[in-house]
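Heads up, the thing below is written out as structure tokens.
The values are calculated or read from the model by the stated rules, or taken from the named source; none is laboratory data. These numbers were taken from a predicted model, which means no experiment stands behind them. Cβ coordinates were reconstructed from backbone atoms using ideal geometry, including for glycine residues, and neighbour counts include every protein chain displayed.
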Amino acid sequence: MRFDVITLFPELIEPYLHTGVTRRAFASGIVQVCLWALRDFADGHYRRVDDRPFGGGPGMVMMAEPLYRCWQAVRADRGLPPVRAAGADVDVPTVLFSPAGTVLSHAVVTRWAQPQRPGAILICGRYEGVDQRFIDACVDEEISLGDFVLSGGEIAAVALLDAVARLQPGVLGDADSATQDSFHPALDGLLDCPHYTRPEVWQGPAGPVDVPAVLLSGHHAHIAVWRRQQRLLATARRRPELLDRAWQAGHVTPAEQR
Ligand code: ADE
């Protein structure tokens, strides 16, 4: 799958593609990422990409025309017609990162991670926002990282790319398989359990702290039960709505619900 990222700051995203476990997905091309510098599509000596908002108000707005030119260049590079006919099926979806979008979740990421999907054109907004006429004409979906405001969509683009890359087969080792992650259906959508590593006794600020004994027992069935209980406990305390959802779906037994 291929993701084209339209951004004013490709240099913010570039290092991420070569770092950490997910770099395998990008280096191998399982997840192909093409970075597009929006300023290359702007006019004039200053290569201007923003202007003051009509109607007044603070901040600047990203202009439609440089975005549209860049978007057309991306489509041409993908061998697609530069303009999508009105009412035509979405060939490659265009995503804008914005606080007004659908909040990113495991379910949303899983959809984007399907290998048969074509990826997307990702638009990283900056300033107060993007000229609505470009959004109306070209954007199919808006995605948000949550109820807070970022200075731009680059961090959100990296978040989506990272989450999609780690779900690709062979990207994570067996030991840290994505099926063991929080929110994964394999764990009934619950939060993950606590983890411990060496030493068995850690000299913490309040004195020595042991690892829970069951984890040292070598008894796999007991460890599995303990981990399940810890997942249920963590989810009940921190995200009770996720526990309700698991319960509604029949994933939590009455004994566990207690
Ligand atoms: N751009 C600005 N704020 C954002 C958010 N919360 N999520 C995604 N993109 C954004």
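Listed here are the strands (runs of 3 or more DSSP E) enclosed by segment 137-222 that have at least 2 residues being within 16 Å of the ligand (Cβ to nearest atom): 141-144. Listed by position, the strands (runs of 3 or more DSSP E) inside segment 1-109 whose residues that are over 30 Å from T179 (Cβ atoms) and under 24 Å from the mean Cα position of the chain (by Cα) number at least 3 are 32-37, 94-103.
For (1) modelled with pLDDT under 95; (2) surrounded by 16 or more Cβ atoms within 10 Å (Cβ to Cβ); (3) touching a helix residue (DSSP H, G or I) at 6+ places or on another chain (Cβ under 6 Å); (4) not aliphatic (A, V, I, L, M), each residue gets a yes or a no:
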residue	(1), (2), (3), (4)
G55	no, no, no, yes
Q72	no, yes, no, yes
A76	no, no, no, no
A86	yes, no, no, no
V92	no, yes, no, no
S105	no, no, no, yes
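Residue-wise test of (1) within 16 Å of the ligand (Cβ to nearest atom); (2) of a type in the set (S, T, Y); (3) touching a residue at least 12 places away in the same chain (Cβ under 8 Å).
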| residue | (1), (2), (3) |
| --- | --- |
| H18 | no, no, no |
| V31 | no, no, yes |
| L38 | yes, no, yes |
| F41 | no, no, yes |
| D51 | no, no, yes |
| P66 | no, no, yes |
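Going through (1) farther than 30 Å from I6 by Cβ; (2) in contact (Cβ under 8 Å) with a residue 40 or more places away in the chain; (3) of a type in the set (D, E) one by one, E154 falls short only on (1).
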